[in-house]
């Protein structure tokens, strides 16, 4: 089987899951912590070299404060969990606003290695594609390699993006790295993660004709 080197994860459906289970919307976010850890271990097992998790976007911070605080804390807790694994961790996002959690700033300065650090993990926190690409449109950078001018330059090209929750959109996932990514949708909500979701995505990816435009 052809294993993608880099998988992007859009863990959607937390709020809908909470409502369907009789909970308030903010109660769904911490239910995504164990799925995120289980997915990391599956990726490690099959040999995926890099994972990018979508935490929250700058647009997401427009949601009610109780939800914003809940998904921010879930991101902090997720990074703490991954720091106990064999992960090389980097957090990417706009740190210049109050919406970025101060606890994660050390992870934005440089990639931090934990354990054997075999799997690169990128965590998008307070991320916005406009923020990411802003410098690439300046006159000074018009002749440069665009990868050198974007803020997410340390994230490599994504081979496969998996989105839970049934939505069929990228929702601002890093656009440059996603240019040739295959896109697999899981209908189930992220808190209902099953390992079969991951293996189904891998089997589907294995059947795709990967040409990168060639």
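Readers should treat all values here as calculations from the given coordinates under stated rules, not as data from a laboratory. Keep in mind that this is a model prediction, so the values were computed, not measured. Methodologically, a virtual Cβ is constructed for each residue, glycine included, from the backbone with ideal geometry; neighbour enumeration extends over all protein chains shown.
Data table
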| read-out | value |
| --- | --- |
| Using a Förster distance of 22 Å, the FRET efficiency for residue 147-residue 210 (Cβ separation, nearest 0.05) | 0.65 |
| DSSP bridge pairs, the chain: antiparallel proportion in percent, nearest 5 | 5 percent |
| Mean Cβ count within 10 Å, highest first, over the residues of peptides 174-181, 7-14, 116-123, 130-137 | 7-14, 116-123, 174-181, 130-137 |
| Simple spin-label estimate for residue 187 and residue 168 in nanometres, 7 Å along Cα-Cβ | 1.3 nm |
| For a label point 7 Å along the Cα-to-beta-carbon line of residue 134, residues of segment 54-79 with backbone N under 11 Å | none |
| The chain - percent relative contact order, Cα under 8 Å, separation 6 or more | 27 percent |
| Alpha-carbon centroids, segment 4-23 and segment 90-108: separation in whole Å | 22 Å |
| Label of the coordinate-derived value, Cα extents along the principal axes in Å, listed as [x] 52, 39, 36; [y] 54, 44, 35; [z] 46, 39, 33 | [y] |
| Extension gain, residue 199 back to residue 105 (0.36 nm per residue minus Cα-Cα distance, nm) | 30.5 nm |
| Among 86, 21, 34: highest mean-square fluctuation, GNM of the chain, C-alpha pairs under 10 Å | 21 |
| Fully extended contour minus Cα-Cα distance, from residue 156 to residue 30, at 0.36 nm per residue | 42.6 nm |
